[in-house]
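Please read the structure below before turning to the comments.
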Amino acid sequence: MDARKLRADFPIFEEKIHGKPLAYLDSAASSQKPRQVLDAIREFYETSYANVHRGVYTLSERATAGYEGARETLRRFVNAPSAREVIFTRSATESINLVAYAWGLDNLGPGDLVVVTELEHHSNFVPWQYIAKRTGAEFRMLPIDDNGELQLDDLDELVGDGRVKVVATNLVSNSLGTINPVQKLSAWVHERGGIMVVDAAQGAPHHRVDVQALECDFLAFSSHKLCGPSGVGALWGRGELLEEMSPFNLGGHMIRQVRFEETTWGELPYKFEAGTQPIAEAVGFGAAVDYVSAAGLEAIEEYESELAAVALERLDEIGGVTTYGPPPERRAGIVSFNVEGIHPHDVAQVLDSEGVAIRAGHHCCQPLMTRLGVVATNRASFYLYTVPEEIDRLIEGVHKVKRILG
Amino acid sequence: MTDDLYREVILDHYKNPRGHGVIDDADAHAEGLNPLCGDEVNIYVQFAEDGETIDDVKFSGRGCAISQASTSMLMEMVKGRKANEIAELPKEELLDEVGIPLTPIRLKCALLGLGVLKVALHRAKGTPLPEEWAGLDELELK
């Protein structure tokens, strides 16, 4: 994988920020888009766009082929057994809400346990907290150790002899970069008769995902963190579970037959795709998966891990800088840190004046921030287009922060 | 741009905040949260014998340089003035004092302290609370 060569595919890097070249270290929040994806969307709109399904004319057939082709690309990407188990949504958040509502409301009740982890993004925390409250189920949180890694040894004690119905975890922590042992969690929850829900929004762009190897039951991911357009995500779910579930959104496209007395639901995956979907975005999502796959997920992960190791080492050399999370060999390309006595917003603001874009805040992980004993952190995150000079500029920027505000 | 933002007077207030602390048994108090970054600020007010004049005012909490400096400036600005006057203090008066160009997101940092002070006065004295600050009041009452 040649990051410098790939970087040339991304028009955004021609932009100047405050007269300086852009150092984009916020890919964990959203990734930049290569020409190949932008071209695929434009070409689809220019040559193949119509509403999908049911249209008998040629253009609608073409649009349907594009949309369903993207679904098949996603199926291969996560190694799902069948494309009917791959549902397009608006985002990974919507994918998780779909499971929490459509599965949770019918399957959870008093005496059941819902377990999430201390590492969760609010997207995989709040829906479960809310649905647990609505159904009377108990909501529990699996803690992390000081390295930001899940304490699996605590699992049995956490639930006692309670009835575990669902464990929800992210594959990769968006705050600390921790890569979570999903397979082990799947085995554990299945032994107890519950289901495993995986938020792979942060994992899928950087780490090979295989739903069959993970042995999970649901897996949510999105396009925008994966070089694709915003506004589209996906949910993979085990066919037999999806079949049993009630629909989430109701309306056109998702029905078999509508009568005044009763409506029956369509087949998978359409049962969960009410209304006009983000069609061109789905096509762009497919193009993004092709782009990332061509670079190679293993190569991307290895490259990002090297960048993270360098960034961690160099940040740790700066006095008064604290880094958080596991050692580089067990983390994705995400580095969270704080500069002693200086608020992350101020760090990010000074870095911005140097053209360096990082994220500062709670990263939608307030329970984790509480655990770390901080209000917020700075986070630098990397992707396949990140070059080592960007880390040099991050380090120089942190020195400037200390000069101004220290 | 950063040099403008972190000009001398801002850094001075940030590093040596005026009125930083807590007033025990304060006559008015409110706590506010900036949901964007999780920063919290508490403001405590003590009135003079007339029950109207702000005799002492302090703030506590943590935050970025912009929020800390602007709240520090606010403490100096309101001391000795009347509650109903401060309830109607236009935010421009504080922003002029802060005197730096702020993006919409940093504007929230700069104005958090003023909002919390208005909520505190509203609760203690029933002074009007402009709609833009009503959310801060509800936030705490939850």
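The values are calculated or read from the model by the stated rules, or taken from the named source; none is laboratory data. Here the structure is a predicted model, which is why all the values come from computation and not from measurement. Ideal geometry is used to build each Cβ from the backbone, glycine not excepted, and the neighbour counts take in all protein chains shown.
Which residues, counting only those in segment A:90-122, are of a type in the set (A, V, I, L, M, F, W, C) and assigned to a helix (DSSP H, G or I)?
Of everything in segment A:90-122, those that are of a type in the set (A, V, I, L, M, F, W, C) and assigned to a helix (DSSP H, G or I) turn out to be A:Ala92, A:Ile96, A:Leu98, A:Val99, A:Ala100, A:Ala102, A:Trp103, A:Leu105.
Report the residue count in segment A:374-406 for those that are under 15 Å from B:Cys64 (Cα atoms) and without any contact (Cβ under 8 Å) to a residue 40 or more places away in the chain.
Final tally of qualifying residues: 3.
Considering A:Tyr24, A:Tyr101, A:Tyr67, which residue is out of contact with any Leu (no Cβ under 8 Å at 6 or more places or on another chain) and either of a type in the set (A, V, I, L, M) or closer than 23 Å to A:Ser173 by Cβ (or both)?
On the way: A:Tyr101 fails: either of a type in the set (A, V, I, L, M) or closer than 23 Å to A:Ser173 by Cβ (or both); A:Tyr67 fails: either of a type in the set (A, V, I, L, M) or closer than 23 Å to A:Ser173 by Cβ (or both).
Among A:Tyr24, A:Tyr101, A:Tyr67, only A:Tyr24 is out of contact with any Leu (no Cβ under 8 Å at 6 or more places or on another chain) and either of a type in the set (A, V, I, L, M) or closer than 23 Å to A:Ser173 by Cβ (or both).
Counting only residues that are within 12 Å of chain A (Cβ to nearest Cβ) and of a type in the set (D, E, K, R), give me the strands (runs of 3 or more DSSP E) lying completely in segment B:27-125 with at least 2 of them. Walk me through it before giving the result.
Details: elements: B:28-34, B:39-47, B:54-62.
Fully inside segment B:27-125 and qualifying: B:39-47.
For segment B:62-73, enumerate the residues that are within 17 Å of B:Asp39 (Cα to Cα) and not hydroxyl-bearing (Ser, Thr, Tyr).
Listed by number, the residues that qualify are B:Arg62, B:Gly63, B:Cys64, B:Ala65, B:Ile66, B:Gln68, B:Ala69.
Keeping to segment A:109-147, report how many residues are of a type in the set (Val, Ile, Thr) and farther than 17 Å from A:Leu158 by Cα.
3
Inspect all residues belonging to segment A:310-318 and state whether any of them is assigned to a helix (DSSP H, G or I), of a type outside the set (Phe, Trp, Tyr) and within 14 Å of chain B (Cβ to nearest Cβ).
Taking every residue of segment A:310-318 in turn, none turns out to be assigned to a helix (DSSP H, G or I), of a type outside the set (Phe, Trp, Tyr) and within 14 Å of chain B (Cβ to nearest Cβ).
Looking at A:Ala40, A:Ala50, A:Ala80, A:Ala70 in this structure, which one is over 30 Å from A:Gln202 (Cβ atoms), aliphatic (A, V, I, L, M) and out of contact with any Cys (no Cβ under 8 Å at 6 or more places or on another chain)?
A:Ala50
Of everything in segment A:334-363 that's more than 14 Å from A:Leu315 (Cβ to Cβ), within 11 Å of chain B (Cβ to nearest Cβ) and hydrophobic (A, V, I, L, M, F, W, C), which residue is surrounded by the most Cβ atoms within 10 Å (Cβ to Cβ)?
A:Val350
Can you confirm whether A:Glu94 is assigned by TED's automatic domain parsing to the domain that holds A:Ile279, over 21 Å from the mean Cα position of the chain (by Cα) and charged (D, E, K, R)?
For A:Glu94, the condition - assigned by TED's automatic domain parsing to the domain that holds A:Ile279, over 21 Å from the mean Cα position of the chain (by Cα) and charged (D, E, K, R) - is not met.
Can we say A:Gly231 is at negative phi, in the same structural domain as A:Asn124 (by TED's automatic domain parsing) and either in contact with a His (Cβ under 8 Å, 6 or more places away or on another chain) or not hydrophobic (A, V, I, L, M, F, W, C) (or both)?
No.
Can you name every residue in segment B:4-20 that is in a loop (DSSP other than H, G, I, E, B) and either charged (D, E, K, R) or at positive phi (or both)?
B:Arg7, B:Arg18, B:Gly19
Give B:Ala124, B:Ala48, B:Ala134, B:Ala65 a once-over and let me know the one that is in contact (Cβ under 8 Å) with a residue 12 or more places away in the chain and either acidic (Asp, Glu) or over 28 Å from A:Ala348 (Cβ atoms) (or both). Lay out the reasoning, then the answer.
Details: B:Ala48 fails: in contact (Cβ under 8 Å) with a residue 12 or more places away in the chain; B:Ala134 fails: in contact (Cβ under 8 Å) with a residue 12 or more places away in the chain; B:Ala65 fails: either acidic (Asp, Glu) or over 28 Å from A:Ala348 (Cβ atoms) (or both).
Going through B:Ala124, B:Ala48, B:Ala134, B:Ala65 in turn, just one is in contact (Cβ under 8 Å) with a residue 12 or more places away in the chain and either acidic (Asp, Glu) or over 28 Å from A:Ala348 (Cβ atoms) (or both): B:Ala124.
What are the residues in segment A:321-348 that are part of a loop (DSSP other than H, G, I, E, B), touching a residue at least 60 places away in the same chain (Cβ under 8 Å) and over 16 Å from A:Ala29 (Cα atoms), if any?
Across segment A:321-348, the qualifying residues are A:Gly325, A:Pro326, A:Pro327, A:Gly341.
Could you say whether any residue in segment A:127-140 is among the small types (Gly, Ala, Ser), touching a Phe, Trp or Tyr at 6+ places or on another chain (Cβ under 9 Å), surrounded by 15 or more Cβ atoms within 10 Å (Cβ to Cβ) and not in a loop (DSSP other than H, G, I, E, B)?
Within segment A:127-140, one or more residues are among the small types (Gly, Ala, Ser), touching a Phe, Trp or Tyr at 6+ places or on another chain (Cβ under 9 Å), surrounded by 15 or more Cβ atoms within 10 Å (Cβ to Cβ) and not in a loop (DSSP other than H, G, I, E, B).
Within segment A:364-373, restricting attention to residues that are touching a residue at least 40 places away in the same chain (Cβ under 8 Å) and not aliphatic (A, V, I, L, M), which residue is farthest from the other protein chains (Cβ to nearest Cβ)?
Ranking the candidates gives A:Arg371 first.
Between a residue in segment A:115-140 that is free of Cβ contacts under 8 Å to residues at least 40 places away in the same chain and any residue that is crowded, with 21+ Cβ neighbours inside 10 Å and in a helix (DSSP H, G or I), which pairs come within a Cβ distance under 6 Å, given they are 6 or more apart or on different chains?
Going by the 6 Å Cβ cut-off, the qualifying pairs are A:Pro127/A:Ile96; A:Pro127/A:Asn97; A:Pro127/A:Ala100; A:Ile131/A:Ala100; A:Ile131/A:Gly104; A:Phe139/A:Ala132.
Do we have A:Ala282 as touching a strand residue (DSSP E or B) at 6+ places or on another chain (Cβ under 6 Å), assigned to a helix (DSSP H, G or I) and assigned by TED's automatic domain parsing to the domain that holds A:Val387 here?
no
Against the condition under 23 Å from A:Glu304 (Cβ atoms), of a type outside the set (Lys, Arg) and under 18 Å from the mean Cα position of the chain (by Cα), how does A:Ala360 come out, does it pass?
No: the conditions fail for A:Ala360.
Testing A:Thr73 on (1) under 18 Å from A:Gly275 (Cα atoms); (2) part of a helix (DSSP H, G or I); (3) of a type in the set (Ser, Thr, Tyr), one condition comes back false. Which one is that?
Unmet for A:Thr73, out of (1) under 18 Å from A:Gly275 (Cα atoms); (2) part of a helix (DSSP H, G or I); (3) of a type in the set (Ser, Thr, Tyr): (1).
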